[in-house]
Amino acid sequence: MDSKNTNGTSSSENKAKISGKSLFKKQTPFQKVKRLKKNEKLFFLSITLVILGALCSIPMLSKLHVKSDVLLDFEGSALYAENLLSSSKAAVSGHIQKDKYAAFRFTENQKKLLESFYREKKAVSLSFEIKFNPVSYKELLLDGENSKPFSFGFLYPADFNESGNFTGEIKNRILGSADARLFISPKQQKKDNKAILSLSLRKNLETSELPSGFIVFSNLKARILYAKFEEARVGFDFTGKTPFYGLAPTGGRINDFFSADFSGCQDLFPLANSNQTIMPKIMLQVRDNTEPDSESREENEASSSKTKRFQLNTGGEVLTIYRASGLEESGTAAPKEYTLQTQLLSNPFSTFSVSEGDTKITKLVMQKNSESLIARDRKAPLEPLTTDLGLVPPSRKTNLWRNVDYELYRWETFPDVLLFDTRDYTVQSEFFTRLAFFVEKAGYRGRILTDEELGNMHGYNAHDYRSESLADFFTKANEKPGVLNQKELLLRDILLQNRIIIPSGRTVNGEYTAYTAGNGAIVSISQSSADYLRNSLCAHEAWHGIFFTDEDFRNTTAAIYYTIDPNAIDFLVGYWKSQPSLNYDSSDNYLIQNEFMAYIMQQGVQFTKSYFTRIANYASVQKAIPDLANYVLKTNARAFEDAGYAFDSYVSDRWGLSNGRVALITR
């Protein structure tokens, strides 16, 4: 038992007090820590710091951006896919409840990628795929008269508060909108109810003007599946698994698939061609047709019972679109997709529409042209613009050409055929006159004439040449260094670029010494020709282009040629000889059959008779071959008309074309 001190405390208690410890008084946390070993103190300190850090961060929690389940991608680089930031409750999962919105914000990394992507592509849009919840047929019926509002648009820094949340106020906003019922179908149809929607950015924006996010509002339950920045497309496209609807930077309303508003595309695409820009194109696709309906059958019978046509209004200018049905089995059907070059249209930046109820069009989209088409550094373009030839003859917009002297096109129906449209006959002569004498002119064939030998001799007002002749010409020209002019050297470069001729000889000072035939042909018309001549000359030369590139067509031509009245052939050859400007070499059977075909097919069948009787009445023809000319007049050109019907039936069955019409798009 401890002894007592005079103050009444035991000795053990005194020891405790002296040592700073009390067995009977509660110790402070500091006192407890002092009793811990060194490693225990370190552990205690680390735990304390973690707790303090968490406590200090509580006021900042509301400012942290919660990652969304929705990914944002950039076209052509899946490596950059990253989750968006959510700025509203719905944006966390991407699920939008009825009458709610999902607001998304870009990460700092996404903003940098957007800036880089925008500078590179120049014409950019944000697209997102959305899936709507199924709706019962009963619900659609009960609520059938009430619209289901749907809208989407870009967000900017002012749309977010300090915590990064959407402020809930959008004033004077450019939005895309629609009735959500456009994208859904009743549950019974078991469709995906998906759509890809897109809104474009204006061109030439500063970095500070780029968006910081986007918002989607829906009156129907839906889910955002993904988002992507891509090269801009405006219009609609139902050819893929999921329907696409794209809007210009001006926004607008998505109503149906009977029209596409391209008026806002002036704020998106270049309005002219330059050494840095290329105007956009419009892609038009048509679904497979059935036989002509009763309303259009009568007018279609004029060309073919298998060819349908409908009209597309392009801002006041009406285009007639031809589509041949039942040709897929033969493997010779005309393309389902058509390319409309905006520089060839009168009002490309306007609303395009077809009559309601006509559902032939499944794609109508304005989009960027390939930058390979740009004639950079003011060099002449080597790459052709793809289009239907029906749009070329009526076009007089030479100010929109990529080169002041000519424009170059690829015939979409027959891609191996290139068309030159020249500023005038002088430019055309610089390109082709020496070639014309080398290939076709009697007495000059196979010779490379010098400028002095050519003198003022005339070639043609329109031209056509196959790859074999072109290869022979440029190979032969190498025997006379310096004989070719700048336009002919440019022609050679164009032919090489498009593999119509292929180098086969060794190089001397960087130049090839020989060439072989590749695939294709070239034809040419000029702005100097009157409108009616441009149409007929384009048709004439285009038929030559098909003759050069399609063996079956050549065989058919030969069959018709050898079954026609021989007097008609003699008349035609006599006519060519009587005209110094023509002077075809009659010893070349290939050439004669080719011209025989083109002279018959350059106009519609209904004009064949009058065309050849008019020729037979020419004074020069009556003087040169009176008996043959009178024979044609006496028989009323029946042999040529019969041949015309045979040709017309053939090209209609194969390509949906007809005599006088090599185009699938006319205006």
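Among the residues of region 258-267, those that are crowded, with 20+ Cβ neighbours inside 10 Å and of a type in the set (A, V, I, L, M, F, W, C) comprise Ala260, Phe262, Cys265.
Counting only strands (runs of 3 or more DSSP E) wholly contained in region 474-566, no element carries 2 or more residues that are without any contact (Cβ under 8 Å) to a residue 40 or more places away in the chain and open to solvent by 50 Å² or more (accessible area, probe 1.4 Å). Considering (1) at pLDDT 95 or above; (2) within 23 Å of Glu383 (Cβ to Cβ); (3) open to solvent by less than 40 Å² (accessible area, probe 1.4 Å); (4) not basic (Lys, Arg), the lone condition that Leu284 does not fulfil carries the number (1).
The set of residues in region 576-592 that are open to solvent by less than 20 Å² (accessible area, probe 1.4 Å) and free of Cβ contacts under 8 Å to residues at least 60 places away in the same chain comprises Trp576, Ile592. The residues of region 351-382 that are surrounded by fewer than 19 Cβ atoms within 10 Å (Cβ to Cβ) and touching a helix residue (DSSP H, G or I) at 6+ places or on another chain (Cβ under 7 Å), listed by number, are Thr351, Ala380, Leu382.
Test Gly235 against the stated conditions and say whether it is open to solvent by less than 20 Å² (accessible area, probe 1.4 Å), on the phi > 0 side of the Ramachandran plot and at pLDDT 95 or above. Explain how you work it out, then say what you get.
Numbers: open to solvent by less than 20 Å² (accessible area, probe 1.4 Å): yes; on the phi > 0 side of the Ramachandran plot: yes; at pLDDT 95 or above: yes.
Taking the combined requirement at face value, the residue satisfies it.
Scanning region 189-210 for any residue that is surrounded by 12 or more Cβ atoms within 10 Å (Cβ to Cβ), aliphatic (A, V, I, L, M) and at pLDDT below 90 turns up nothing.
Which is at pLDDT 95 or above, among the charged types (D, E, K, R), closer than 21 Å to Val427 by Cα and open to solvent by 30 Å² or more (accessible area, probe 1.4 Å), of Glu468, Glu453?
Values: Glu468 fails: closer than 21 Å to Val427 by Cα.
None of the other options fit; the residue is Glu453.
Filtering region 373-398 to residues that are among the charged types (D, E, K, R) and not in a loop (DSSP other than H, G, I, E, B) leaves Arg376, Asp377, Arg378.
Out of the residues in region 386-402 that are open to solvent by 30 Å² or more (accessible area, probe 1.4 Å) and of a type in the set (S, T, N, Q), which is nearest to the chain's Cα centre (by Cα)? Per the criteria, the residue is Thr386.
Going by the structure shown, is Tyr650 part of a helix (DSSP H, G or I), in contact with a Ser or Thr (Cβ under 7 Å, 6 or more places away or on another chain) and either open to solvent by 60 Å² or more (accessible area, probe 1.4 Å) or touching a residue at least 60 places away in the same chain (Cβ under 8 Å) (or both)?
yes
Looking at region 219-229, can you tell me whether even one residue there is surrounded by fewer than 19 Cβ atoms within 10 Å (Cβ to Cβ) and touching a Pro at 6+ places or on another chain (Cβ under 7 Å)? Within region 219-229, one or more residues are surrounded by fewer than 19 Cβ atoms within 10 Å (Cβ to Cβ) and touching a Pro at 6+ places or on another chain (Cβ under 7 Å). The set of residues in region 430-443 that are open to solvent by 20 Å² or more (accessible area, probe 1.4 Å) and farther than 14 Å from Asp472 by Cα comprises Glu430, Ala442, Gly443.
For beta carbons closer than 7 Å, sequence separation of 6+ or different chains, a first residue in region 375-388 that is in contact (Cβ under 8 Å) with a residue 24 or more places away in the chain and a second that is of a type in the set (A, V, I, L, M, F, W, C) and part of a loop (DSSP other than H, G, I, E, B), the qualifying pairs are Pro381/Ala375; Asp388/Ala663; Asp388/Leu664. Could you tell me whether Tyr406 is under 20 Å from His463 (Cβ atoms), modelled with pLDDT of 95 or more and open to solvent by 50 Å² or more (accessible area, probe 1.4 Å)? It is false that Tyr406 is under 20 Å from His463 (Cβ atoms), modelled with pLDDT of 95 or more and open to solvent by 50 Å² or more (accessible area, probe 1.4 Å). Within region 193-221, residues that are without any contact (Cβ under 8 Å) to a residue 24 or more places away in the chain sit with their Cβ atoms under 9 Å from residues that are of a type in the set (Ser, Thr, Tyr), at 6+ positions apart or across chains, in these pairs: Glu209/Tyr156.
The single condition among (1) part of a loop (DSSP other than H, G, I, E, B); (2) more than 30 Å from the chain's Cα centre (by Cα) that Glu452 does not satisfy is (1). Among the residues of region 289-299, is any at pLDDT 85 or above and not charged (D, E, K, R)? No, the conditions are met nowhere in region 289-299. The residue of region 85-128 that is surrounded by the most Cβ atoms within 10 Å (Cβ to Cβ), among those that are in contact with a helix residue (DSSP H, G or I) (Cβ under 7 Å, 6 or more places away or on another chain) and in a strand (DSSP E or B), is Ala102.
The values are calculated or read from the model by the stated rules, or taken from the named source; none is laboratory data. This one's a predicted model, so the numbers in the text were calculated from it and none came from an experiment. Note: ideal-geometry Cβ built from the backbone for every residue, glycine included; neighbour counts use all protein chains shown. For accessibility, only protein heavy atoms count, side chains too; no ligands or nucleic acids. Shrake-Rupley method; radii C 1.70, N 1.55, O 1.52, S 1.80 Å.
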